[in-house]
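Here the structure comes first, spelled out in structure tokens, and everything after it is commentary.
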Amino acid sequence: MKKIMVVAGARPNFMKIAAVMRELAKHPQHFEQILVHTGQHYDVEMSDSFFSDLGLREPDIHLGAGSGTHGEQTGKIMIRFEKVCMKQKPDLVMVVGDVNSTVACTLVSAKLFIPSAHVEAGLRSYDRTMPEEINRVLTDQICDYLFTTCEDANQNLIKEGIAKERIFFVGNTMIDTLLRHIEIAKKSKILDGLGLRDNSKVKKYAAVTLHRPSNVDEREILKGILDALNKIAEKLPVILPAHPRTTKMIKRFKLNKVVDYQESISSYNFNKSNKKALLLPPLSYLDFLSLMSKAALVLTDSGGIQEETTILGIPCLTIRRNTERPITIKEGTNTLVGNDPDRILSTALKVLKDGAAKKKRPKYWDGRAAQRIVKILLPSLNAP
Ligand code: UD1
């Protein structure tokens, strides 16, 4: 029996661990799982609602790290995770994605000589001003098993001198979870709640997410993006379920009046006089999946949403200059637009007119990535 310690800390981690934990649970005679929540994300909407939507069990251990500067947050997670590892003595630490929790826990396990696995290894934006890029590069250098989502990730790792034996191309666990939940998400009441359905017909609308420091931490940039969204809102409803960081910055910069700001989702109804983007609190996984899957257009600066829209066949405009997921441009429905308001607006109007070209599904984004991971770990960890 091998003890696997699975680490999750922030919102985009939960869908990835859900797929792997479900698959590991099919082998109770080989694997004992311990789920550690670092507490990087702690709001109900950023964490708890994902546990219930995804059927994830309660974490066995909460590190309660919370927010802080990068050094503070990473350091706090490391100090607390080291104690847990020394006590629990896991056979493998499994991390996912590229958040501060990912690099913090990998560093601790490497120093304690505990083998580690990185799910979603090898993605590179080649932009080191992004905190996530630093997390990715460092995590991959010291992890033992690197599970990748695409061929370009394999190449990135090889270019960094990583031995081929450590790289395993398995596919995309976030897509495993998407495909598993897409039917269930149809039961969500979010479209009716927002008045986005006329009788049974869904209205044309755009869904937006925004939270990158490079887009929300400077007033002029954030205002420019919100202005572009408002121009799009003159044509069709624009729904922005906002990360707490974005809402905090909108309030700090006194931009609340620029958008239509609603603190609660329940009582809202779109009508013809609505001409501003609608800012909402963050949505649960199933509600957001429902909103995204029926949208005419998605605008985002998230990583995972570029992948999800590719599978859903929804046009996606990425409000960034670069992406660590170029496969979503090459094979999927993604277009990079940067954060220039005119470019966001003109591309959005063009896409609304033309629609997205139907693209192909990237290799191994088929709902079986977690299965492949477990198939690799089973003999490898249980070898005599
Ligand atoms: C983190 C990840 C980012 C990921 C994003 C998804 C890093 C470096 N960044 O960014 O890659 O795309 O999660 O959501 O790890 N806050 C709350 N409640 C919460 C969590 C955060 O109010 O539950 C606020 C706090 O003011 C905090 C700020 O959001 O200071 C930023 O949170 P943090 O975890 O540092 O990074 P994110 O921007 O969420």
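Values as computed for the structure displayed
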{"quantity": "Accessible area per residue, Å², the range 341-384 with all protein chains present, probe 1.4 Å", "calculated": "64"}
{"quantity": "For residue 369, net neighbour charge (Lys/Arg +1, Asp/Glu -1) across residues whose Cβ lies under 13 Å away", "calculated": "+3"}
{"quantity": "Residues of the range 141-261: accessible area per residue with a 1.4 Å probe, Å²", "calculated": "46"}
{"quantity": "Rounded percent of accessible protein surface that carbon and sulfur make up, the chain, 1.4 Å probe", "calculated": "53"}
{"quantity": "Ordering of 36-43, 188-195, 251-258 by packing [mean C-beta count within 10 Å, highest first]", "calculated": "36-43, 188-195, 251-258"}
{"quantity": "Cα shape, the chain, gyration tensor, a/c 1.5 rule", "calculated": "prolate"}
{"quantity": "The range 256-384: relative contact order in percent, alpha carbon pairs under 8 Å with at least 6 residues between", "calculated": "17"}
{"quantity": "Pairwise label distance in nanometres, residue 380 with residue 129, each label 7 Å out on the Cα-Cβ vector", "calculated": "3.6"}
{"quantity": "Sequence ranges 170-179, 22-31, 322-331, 224-233, ranked by mean other-Cβ count within 10 angstrom, highest first", "calculated": "170-179, 224-233, 322-331, 22-31"}
{"quantity": "Residue-averaged [θ]222 nm for the chain, counting only DSSP H segments that reach four residues, each worth -39500 (n - 2.57)", "calculated": "-13000 deg cm²/dmol"}
{"quantity": "16 Å cut-off, amide nitrogen to a point 7 angstrom out along residue 151 Cα→Cβ, residues in the range 299-336", "calculated": "326-332"}
{"quantity": "Pairwise FRET efficiency - residue 44 versus residue 321, Cβ, R0 = 30 Å, nearest 0.05", "calculated": "0.35"}
{"quantity": "Gained length - residue 86 relative to residue 202, 0.36 nm times residue gap less alpha-carbon distance", "calculated": "36.4 nm"}
{"quantity": "Highest-MSF residue in the chain out of 337, 44, 238 [GNM, Cα springs under 10 Å]", "calculated": "44"}
{"quantity": "Where labels lie 7 Å past Cα in the beta-carbon direction, separation of residue 29 and residue 342 in nm", "calculated": "6.8"}
{"quantity": "Cβ-derived FRET efficiency at R0 30 Å, residue 52 paired with residue 142, nearest 0.05", "calculated": "0.35"}
{"quantity": "Beta bridge orientation in the chain: antiparallel %, DSSP, nearest 5", "calculated": "5"}
{"quantity": "Share antiparallel - DSSP beta bridges, the range 182-354, percent rounded to 5", "calculated": "10"}
{"quantity": "Distance between modelled label sites at residue 189 and residue 111, nm, 7 Å Cα→Cβ extension", "calculated": "5.0"}
{"quantity": "Neighbourhood net charge (14 Å Cβ-Cβ; Lys/Arg +1, Asp/Glu -1) for residue 339", "calculated": "-2"}
{"quantity": "Relative contact order, percent, the chain [alpha-carbon distance under 8 Å, six or more residues apart]", "calculated": "16"}
{"quantity": "Relative contact order (%) - criterion: Cα under 8 Å, at least six apart; region: the range 182-354", "calculated": "26"}
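The values are calculated or read from the model by the stated rules, or taken from the named source; none is laboratory data. In this text the structure is predicted, and so the values were computed from the model without any measurement. Backbone-built Cβ (ideal geometry, glycine too); neighbour counts: all protein chains shown. Note: areas computed on protein heavy atoms with side chains; ligands, DNA, RNA excluded. Shrake-Rupley method; radii C 1.70, N 1.55, O 1.52, S 1.80 Å.
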